[in-house]
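Here is the structure we will look at.
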Amino acid sequence: MAQILDPLPSNYKNGIVCCYVNATSKIQVVRISNLPNWHFERVVFPGQRLVFESMPQGVLEVHTGMMASAILSDKIPCITLRIDMELNESGDEDSEKEEDSTSTAEKELVQLKR
């Protein structure tokens, strides 16, 4: 199934790449609605990782619930979900793990943009 990334408007210059994981056993709806002229909303299944683009001042609202109802369970500043896209050059094992996760996130972002 193809996923489509909602691009930020061209007047938003300092976008960041973010990652959110649904660590619950329930379906969640996440949205960013505090940025003018742009709205982001996705369904995130249990255990799913969502990679998306936002502005640093964006706030991700997480709505959790059942079929007919959902409650606002969290508001997370997007800056705290930011993925550092620069690779760590220190050469230790931890940096290799960070490079693997960054590479995976970059690949997911590329897939989302297609």
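The values are calculated or read from the model by the stated rules, or taken from the named source; none is laboratory data. All values reported here derive from a predicted model rather than from experimental measurement. All Cβ positions, glycine included, derive from the backbone under ideal geometry; neighbour counts span all protein chains shown.
Within 19 Å of L72 (Cβ to Cβ), surrounded by fewer than 13 Cβ atoms within 10 Å (Cβ to Cβ) and not aliphatic (A, V, I, L, M): which single residue out of P46, P36 fits that description?
P46
Hey, can you tell me all the residues within the range 42-60 that are in contact with a strand residue (DSSP E or B) (Cβ under 6 Å, 6 or more places away or on another chain) and over 20 Å from R82 (Cβ atoms)?
Hit for the range 42-60 is V43, nothing else.
Do we find that E98 is modelled with pLDDT under 95 and either exposed (fewer than 15 other Cβ atoms within 10 Å of the Cβ) or part of a strand (DSSP E or B) (or both) in this structure?
no
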